[in-house]
Amino acid sequence: MDIAVCGGGIGGLTAAIALRQAGIEVDVYEQTSRFARVGADINLTPNAVRALDGLGLGPMLRANAARPQFRISRDGRTGAETSRIPMGADPDERYGAPQLTLHRGDLMAALEALVPPERLHLGKRVAGVECGPGSGPAVSFTDGTSVAADLVIGADGIHSAVRTAMFGPEHPDFTGVVAFRAVVPAARVAGTPGLDSFTKWWGPDPDTQIVVFPLSRGEEIFIFATCAQEEWTEESWTSPGSVAELRELYRGFHPEARGLLDACDEVLKSALYVRDPLPQWSRGHVTLLGDACHPMMPFMAQGAGQAIEDAVVLARCLIEHADRAEALRVYELARRERADRIQRGSRSNDWLKSAGNGDWVYGYDAWHTPLPTH
Ligand SMILES: Cc1cc2nc3c(=O)[nH]c(=O)nc-3n(C[C@H](O)[C@H](O)[C@H](O)COP(=O)(O)OP(=O)(O)OC[C@H]3O[C@@H](n4cnc5c(N)ncnc54)[C@H](O)[C@@H]3O)c2cc1C
């Protein structure tokens with residue numbers, strides 16, 4: 001079976017690796033010409049780590065990541081601690097996998113290393129997909145070339161060209177919230193309390209927060225701040241931000257939080273978009289995974305985790321069901337309800353605000369949860 005994966009992000013590469021490990025050849029088509037180590041994190045909760053462990057990525061993840069010791073909530077203005085949930089060894093005991101925070105570039109490099117270069121086609125921007133009945137799907141690229149495949153997986157993110165080809169043009173909604181992301185060397189902010197933990201500084205309104213946690217074995221600190229903004233006029237949805245703007249926006253925060261912002265040299269600024277859950281993920285022999293079908297707000301840190309879970313479950317379905325239409329039907333049955341629930345839940349910024357229970361999210365096992373039969 002020839003499978004074309006459109007998009008070589010976290011979900012697309014995970015799907016390619018899971019399928020290759022089962023002996024199914026896959027070609028990945030990625031628009032960028034090379035992967036850059038941009039200043040951003042990835043916060044992998046136990047459900048995502050367990051899924052990647054099944055691909056053999058565990059040792060690399062653990063070697064390059066940090067393990068936040070607690071999940072701490074603090075009042076942004078007064079600094080008062082409102083909750084503290086153990087995270088260090090606790091998730092390992094509870095869910096069979098840790099929570100790991102690492103540089104997004106390190107995860108991408110590890111995934112890329114497991115896909116043979118001749119199967120990873122860089123600089124190939126998907127223009128469209130023919131997914132009509134009768135013949136197999138064909139992917140066309142903006143350089144005028146095209147490829148035929150038995151099955152196409154659209155893993156091309158929130159602005160998915162595959163999704164547009166399947167269901168028509170539609171624009172995600174700007175949520176009125178922007179996010180700032182920065183990575184600073186831990187040595188520069190040494191002395192700040194709680195740098196070994198995930199700390200969320202809750203702001204005066206639901207859109208305003210600062211989240212801080214360690215990356216890269218604790219050698220780097222990641223800062224993630226969100227706040228409301230009326231409109232987004234930039235053409236790109238991520239752009240270099242201004243550290244002066246960042247510091248001004250959070251000037252009312254506690255001095256410990258402000259001290260971290262003062263340490264930033266540069267910052268990325270992103271507009272946060274959402275879509276409503278899709279009623280259908282597949283058409284003919286074309287399907288979607290990850291942000292292409294369920295982009296979500298970052299408040300539950302599940303966007304990449306859900307893309308990874310989709311990839312593993314889709315591979316299992318294709319391995320178990322020789323009939324591709326049946327495989328895609330089972331994939332959607334297995335995945336849509338959970339992804340929809342998390343996508344909706346991510347819209348409000350209240351996940352684990354007070355000591356709560358994240359078991360239904362973190363306890364999921366993408367490799368062993370039985371596939372539905374009808
Ligand atoms: C500010 C912010 C913070 C986040 N923090 C977290 C977090 O801590 N934990 C977490 O789990 N998730 C987080 N997420 C979400 C996470 O980044 C995404 O959900 C995840 O990257 C989705 O993976 P994906 O593979 O579906 O899409 P993407 O990672 O977007 O990958 C899509 C790939 O497709 C390529 N592509 C796009 N269009 C085309 C085309 N036409 N042709 C060919 N290639 C194409 C892109 O270049 C890209 O490589 C965050 C998101 C944001 C915005």
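Just so it is clear, none of the values below were taken in a lab; they were calculated from the coordinates. Every value quoted in this text rests on a predicted model; they were computed, and no experiment measured them. Neighbour counts are summed over all protein chains in view; Cβ atoms, including those assigned to glycine, are modelled from backbone coordinates with ideal geometry.
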May I ask you to compute the full-extension gain from Asp92 to Asp262, defined as 0.36 nm times their residue separation minus their alpha-carbon distance, rounded to one decimal in nm? 57.8 nm
Please work out the Cα center distance from segment 257-294 to segment 179-215, rounded to the nearest Å. 20
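Report the Stokes-Einstein translational diffusion coefficient (µm² s⁻¹, integer) for segment 117-177, Rh taken as the Kirkwood radius over Cα pairs, at 25 °C with viscosity 0.890 mPa s.
Values: Rh = 13.0 Å.
So the translational diffusion coefficient is about 189 µm²/s.
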Would you kindly derive the ³J(HN,Hα) couplings of segment 361-368 from the backbone phi angles with the Karplus curve 6.51 cos²θ - 1.76 cosθ + 1.60 (θ = phi - 60°), listing them in order in whole Hz, with x for Gly and Pro? 8, 7, x, 6, 10, 5, 7, 10
Using the Cα gyration tensor of segment 206-265, the equivalent ellipsoid's semi-axes, largest first and to the nearest Å, work out to 21, 16, 11
Percent antiparallel among DSSP beta bridges confined to segment 63-215, rounded to 5, stands at 75
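I need the Kirkwood Rh of segment 250-370: take the reciprocal of the average 1/r across all distinct C-alpha pairs and report it in angstrom. Walk me through the numbers before you get to the answer.
Working: mean 1/r = 0.0602 Å⁻¹.
Taking the inverse mean of 1/r over all distinct Cα pairs, segment 250-370 comes out at 16.6 Å.
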Where does the charge balance sit around His121 when Lys and Arg score +1, Asp and Glu -1, over other residues with C-beta under 12 Å from its C-beta? -1
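Eigenvalues of the Cα gyration tensor times 5, then square-rooted: what semi-axes does that give for segment 182-336, in whole angstrom, largest first? The partial results should precede the final answer.
Values: eigenvalues 293, 69, 32 Å².
Those come to 38, 19, 13 Å.
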Across bins of 10 angstrom width beginning at 0, how are the C-alpha pair distances of segment 66-114 distributed, in whole percent? 22, 32, 32, 12, 2
Dimensionless Rg ratio for segment 39-177, taking C-alpha atoms and the 2.2 N^0.38 Å reference: 1.43
Apply the Karplus curve 6.51 cos²θ - 1.76 cosθ + 1.60, θ = phi - 60°, to the phi angles in segment 155-166 and return the couplings in whole Hz, x for Gly and Pro. 10, 9, x, 4, 9, 3, 6, 5, 4, 4, 5, 7
One point scatterer per Cα, no solvent, Debye formula: log10 I(q)/I(0) for segment 99-251 at q = 0.13, 0.15, 0.17, 0.18 Å⁻¹ comes out as -0.88, -1.02, -1.12, -1.17
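Give me the Kirkwood hydrodynamic radius of the chain in Å, from all C-alpha pairs, to one decimal place? Walk me through the intermediate numbers first.
Working: mean 1/r = 0.0473 Å⁻¹.
In the chain this quantity evaluates to 21.1 Å.
Per residue of the chain, what 222 nm ellipticity follows from adding -39500 (n - 2.57) for every DSSP H run with n ≥ 4, rounded to the nearest 500?
Computed ellipticity for the chain at 222 nm equals -8500 deg cm²/dmol.
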